[in-house]
Amino acid sequence: MAELCNCCGKLHEENCPAPVREPPSGLVGADGRLTPAGAAVEDAANYLAMRGYLDPNGDEFPDWVLAELADLYQAGTCESCPGTLTGSTLADHFLSRKQEEYERSVPTWECNCGRKFKVLPEPRGEAYFEARADGLMGDLIGYVRLDSQRQKAKHSDACPDCKHKFADTIAEQLDPQQALF
């Protein structure tokens, strides 16, 4: 699964294809003061630090975060938050965007009956979520719980369409040499 890159803020594997190496222009005016966009971006970055997304003890905020916040500010308001963009609403939009990017990056697994799920690993197994048409994760559908050695399924919920247990379907789909269930 792809990871969040510290150089560009996108989800990808290995070498960053487009690192952001400096803050975006337009945040500071010719007089050295923050522009309205700069003030909103700074407030939003502070909100992200307060919410635990950014390191509150870091010397500077990552340039890619400032660039994404500036892009969101420039895009203006939307249906979900009409009116003035504040640091808090800008931070909310940023976090929403990151959540959607993450959910779209979660691999899709297809049951033998054709129903698609997004599967997240858990300490003792996997959680199965509805795979929505927009690529996001829908409702939690069920779990597969493994034994303490992670060798056998201890519990498995079933696909709502075909009623076949997830663990059994996975075992059928895997090469018998690879099956854990």
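The values are calculated or read from the model by the stated rules, or taken from the named source; none is laboratory data. Given the structure is predicted, the values throughout are model-derived calculations rather than measurements. Please note: Cβ atoms are built from the backbone with ideal geometry, for glycine as well, and neighbour counts cover all protein chains shown. Heavy atoms of the whole protein, side chains included, go into the accessibility calculation; ligands, DNA and RNA do not. Shrake-Rupley method; radii C 1.70, N 1.55, O 1.52, S 1.80 Å.
Looking at the range 31-38, can you tell me whether even one residue there is among the small types (G, A, S), under 21 Å from the mean Cα position of the chain (by Cα) and surrounded by fewer than 18 Cβ atoms within 10 Å (Cβ to Cβ)? Spell out the reasoning first.
Filtering the range 31-38 down to residues among the small types (G, A, S) leaves 32, 37-38.
Filter once more, so that each one left must be under 21 Å from the mean Cα position of the chain (by Cα): none.
No: the range 31-38 contains no residue that is among the small types (G, A, S), under 21 Å from the mean Cα position of the chain (by Cα) and surrounded by fewer than 18 Cβ atoms within 10 Å (Cβ to Cβ).
Taking only pairs six or more apart or across chains, which ones have beta-carbon atoms under 8 Å, a first residue in the range 12-38 that is among the charged types (D, E, K, R), and a second residue that is loosely packed, with under 13 Cβ neighbours inside 10 Å?
Qualifying pairs under 8 Å: E13/E3.
Scan the range 15-37 and tell me whether some residue there is at pLDDT 90 or above, over 28 Å from V106 (Cα atoms), small (G, A, S) and part of a helix (DSSP H, G or I).
Within the range 15-37, one or more residues are at pLDDT 90 or above, over 28 Å from V106 (Cα atoms), small (G, A, S) and part of a helix (DSSP H, G or I).
Which condition does I170 not pass, out of (1) open to solvent by less than 80 Å² (accessible area, probe 1.4 Å); (2) within 30 Å of C5 (Cβ to Cβ); (3) of a type outside the set (G, A, S), if it passes all the others?
All conditions pass for I170, except number (2).
Scan the range 1-24 for residues that are open to solvent by 40 Å² or more (accessible area, probe 1.4 Å) and of a type in the set (A, V, I, L, M, F, W, C) and report the count.
6
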